[in-house]
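**Student:** This is the structure I want to talk about, given as structure tokens.
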Amino acid sequence: MSDSVSIASSTILSDVIIPANAKDDDWTLMRLLRRCPVGTLEAAKRYRITHATQEVPTIILGVITRYVDHEKRGLLAQPLEFLRLSEDLALDSLSMIEISMTLEDVLQILLPDEKLRTLRTMGDVMQYANSQISPVQNSS
């Protein structure tokens, strides 16, 4: 048997362990977050490693921006908490389903249809996503 058969499921580089599936995870995130604003993919990669909740707003904003018409994207530059998904951003139910599926995959949370119907503002989405994520102690 060759030595390549006995390769471990992780690779050690300079005392950093890189899971063997890290490249697959990066590819999956790139596919999920294509056409999202710059910075969304990097925030998602950091989130997958650290589960740091400070990455969540960037991910949510990036995913929602992808589905908002170019004419409405200027609204996303203002305070987001009270920005209405349907009325202000003109997101329809199909877009909301696509957004929820993407957020479920990227953040690894569940966003049931009955809950999705109750989310009216960007603040609602942020609050719900954060409530589904277990907080991790962040080192400063």
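**Student:** Being surrounded by fewer than 15 Cβ atoms within 10 Å (Cβ to Cβ) and assigned to a loop (DSSP other than H, G, I, E, B) is the filter here, so list the residues in region 103-126 that pass it.
**Tutor:** As a first pass, look at region 103-126 and keep what is surrounded by fewer than 15 Cβ atoms within 10 Å (Cβ to Cβ): 108, 110, 112-115, 117-118, 120.
Of everything in region 103-126, those that are surrounded by fewer than 15 Cβ atoms within 10 Å (Cβ to Cβ) and assigned to a loop (DSSP other than H, G, I, E, B) turn out to be 108, 110, 112, 117, 118, 120.
**Student:** Out of everything in region 52-102 that is among the acidic types (Asp, Glu) and either closer than 22 Å to residue 34 by Cβ or without any contact (Cβ under 8 Å) to a residue 24 or more places away in the chain (or both), what residue ends up being surrounded by the fewest Cβ atoms within 10 Å (Cβ to Cβ)? Steps first, please.
**Tutor:** The first filter runs over region 52-102 and keeps only residues among the acidic types (Asp, Glu), leaving 55, 69, 71, 81, 87-88, 92, 98.
Retained after the next criterion (residues that are either closer than 22 Å to residue 34 by Cβ or without any contact (Cβ under 8 Å) to a residue 24 or more places away in the chain (or both)): 55, 69, 71, 87-88, 92, 98.
Values: 55: 21, 69: 10, 71: 8, 87: 10, 88: 16, 92: 11, 98: 15.
In this case the residue turns out to be 71.
**Student:** Let me ask you something else. Out of the residues in region 87-101 that are among the aliphatic types (A, V, I, L, M) and not in a helix (DSSP H, G or I), state the one that is nearest to residue 31 (Cα to Cα). Walk me through it before giving the result.
**Tutor:** The first filter runs over region 87-101 and keeps only residues among the aliphatic types (A, V, I, L, M), leaving 89-91, 94, 96-97, 99, 101.
Adding the requirement that they be not in a helix (DSSP H, G or I) leaves 89-91.
Numbers: 89: 24, 90: 25, 91: 22 Å.
Filtering first and then ranking leaves 91.
**Student:** A follow-up question, please. Does residue 1 meet the test of being farther than 30 Å from residue 67 by Cβ and either in a loop (DSSP other than H, G, I, E, B) or modelled with pLDDT of 90 or more (or both)? Give the derivation first.
**Tutor:** Working: farther than 30 Å from residue 67 by Cβ: yes; either in a loop (DSSP other than H, G, I, E, B) or modelled with pLDDT of 90 or more (or both): yes.
It is true that residue 1 is farther than 30 Å from residue 67 by Cβ and either in a loop (DSSP other than H, G, I, E, B) or modelled with pLDDT of 90 or more (or both).
The values are calculated or read from the model by the stated rules, or taken from the named source; none is laboratory data. Only a predicted model underlies this, so the values are computations on that prediction, with no experimental measurement involved. Reconstructed Cβ throughout: ideal geometry from the backbone, glycine too, with neighbour counts over all protein chains shown.
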